[in-house]
């Protein structure tokens, strides 16, 4: 047991804390392509996992990530290769950026093509396999850095053919949430519950899901000015009101066809969730806390560090992007603070009435 000489820190009268956000950072397509080539040319690791985690200059171990609590890893499989099975308590979002391959999550198999998106739920055994003739490359987003910071990242390698152990019992359980005490305390809704409610939690099935780009694309605007939606969320019903693809991340697909109406230059918006954009078509620039960042097809951008004002503007060739944001995590913690207009209200989304009448990067009326 470690003993501290004086574990007390006097914070009497301390003013409200001010966070220091990380700066935006761009990883170019050329840098990503070069790393894919380097990984593919290296000797195959024993577990088959060719991977490079992209680490922001401000990141400090434990919890190295591209944004605080969020990692983006370039993962590669050569033709014929397969990773060893594993599972972890982190959530993953996989975006195909080159080639194609198979993701197996226990009894679910997903054929992930370029620009397809899939999620891998926590604590499900998974493998990646490349049965094709081309290098398969993905961007893998994870909340592992957050869990590492909390010293709570559980991960384990699994034997081939691993399956979850079935529950077995000679007699029905006596102590469950169905038989536990549940008492009203006072008159305003407070309750007192038995411990069973903490360890026998209601189950919400969390499946591995697949969003093929070709199908998603059909629900977005097709030509400039057609009135179609230019941003949509990839939704996993298991996340319920948190609106996520996983319980930690939402993913939006944005598509503004060439020639789309440009939003007027002006103030942006800000939120406590971070946003990471993978631009897979078009070009443009982002204004982030007074800094102008140009981007083009294939660039990865930490486009919205927490609580920094930002705005995005597409070029004449339009844009297509996936945005991954730790929005559901913040909803669950009641920490999702959002300011849509810089002279407007600061809202706690999910805890109070939210932003309505939002147009944002869509064309008016879409």
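The values are calculated or read from the model by the stated rules, or taken from the named source; none is laboratory data. These figures come from a predicted structure and were not determined experimentally. Here Cβ is always computed from backbone atoms with ideal geometry, including for glycine, and neighbour counts include all displayed protein chains.
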Review point. Taking region 118-142 only, how many residues are assigned to a strand (DSSP E or B) and within 21 Å of residue 204 (Cβ to Cβ)?
Key: 5
Check your understanding: Taking the stated definitions as given, is residue 263 surrounded by 16 or more Cβ atoms within 10 Å (Cβ to Cβ) and part of a loop (DSSP other than H, G, I, E, B)?
Key -> yes
Check your understanding: Within the bounds of region 71-93, is there any residue that is in a strand (DSSP E or B), closer than 30 Å to residue 289 by Cβ and more than 17 Å from the chain's Cα centre (by Cα)?
Key -> no
Review point. With respect to the numbered conditions (1) surrounded by fewer than 16 Cβ atoms within 10 Å (Cβ to Cβ); (2) at negative phi, which one is the sole condition not fulfilled by residue 80?
Key: (2)
**Study point:** Among the residues listed as 358, 278, 322, the single one being at pLDDT below 95 and either in a loop (DSSP other than H, G, I, E, B) or under 15 Å from the mean Cα position of the chain (by Cα) (or both)
**Key:** 358
Check your understanding: Has region 320-336 got any residue that is over 18 Å from residue 243 (Cα atoms) and either touching a residue at least 12 places away in the same chain (Cβ under 8 Å) or touching a strand residue (DSSP E or B) at 6+ places or on another chain (Cβ under 6 Å) (or both)?
Key -> yes
Practice item. Starting from residues that are part of a strand (DSSP E or B) and more than 20 Å from the chain's Cα centre (by Cα), keep the ones in region 289-308 and report whichever is surrounded by the most Cβ atoms within 10 Å (Cβ to Cβ). Key: 295
Check your understanding: Looking at 152, 190, which one is exposed (fewer than 11 other Cβ atoms within 10 Å of the Cβ), assigned by TED's automatic domain parsing to the domain that holds residue 72 and either closer than 30 Å to residue 279 by Cα or at pLDDT 95 or above (or both)?
Key -> 152
Review point. Considering only residues of region 331-349 that are touching a helix residue (DSSP H, G or I) at 6+ places or on another chain (Cβ under 9 Å) and part of a helix (DSSP H, G or I), which is nearest to residue 269 (Cα to Cα)?
Key: 331
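Yes/no per residue for (1) within 30 Å of residue 122 (Cα to Cα); (2) touching a helix residue (DSSP H, G or I) at 6+ places or on another chain (Cβ under 9 Å); (3) modelled with pLDDT of 95 or more:
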| residue | (1), (2), (3) |
| --- | --- |
| 216 | yes, no, yes |
| 234 | yes, yes, yes |
| 250 | yes, yes, yes |
| 261 | no, no, no |
| 270 | yes, no, yes |
| 282 | no, no, yes |
Point to revise | Meets criteria (part of a loop (DSSP other than H, G, I, E, B), assigned by TED's automatic domain parsing to the domain that holds residue 36 and in contact with a helix residue (DSSP H, G or I) (Cβ under 7 Å, 6 or more places away or on another chain)) for residue 180 | key: no
Review point. Would you call residue 252 surrounded by 15 or more Cβ atoms within 10 Å (Cβ to Cβ) and part of a helix (DSSP H, G or I)?
Key: no
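Here is a yes/no grid of residues against (1) touching a residue at least 12 places away in the same chain (Cβ under 8 Å); (2) more than 25 Å from residue 212 (Cα to Cα); (3) surrounded by 20 or more Cβ atoms within 10 Å (Cβ to Cβ):
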position	(1), (2), (3)
23	yes, yes, no
34	no, yes, no
41	no, yes, no
45	no, yes, no
52	yes, no, no
75	yes, no, yes
96	yes, no, yes
104	yes, no, no
Point to revise | Options 234, 220, 147; residue that is surrounded by 12 or more Cβ atoms within 10 Å (Cβ to Cβ) and assigned by TED's automatic domain parsing to the domain that holds residue 126 | key: 147
Review point. In region 209-245, which residue that is at positive phi and part of a loop (DSSP other than H, G, I, E, B) is farthest from the chain's Cα centre (by Cα)?
Key: 225
Practice item. For region 106-117, name all the residues that are outside any loop (DSSP other than H, G, I, E, B) and either in the same structural domain as residue 279 (by TED's automatic domain parsing) or surrounded by 18 or more Cβ atoms within 10 Å (Cβ to Cβ) (or both). Key: 110, 112, 117
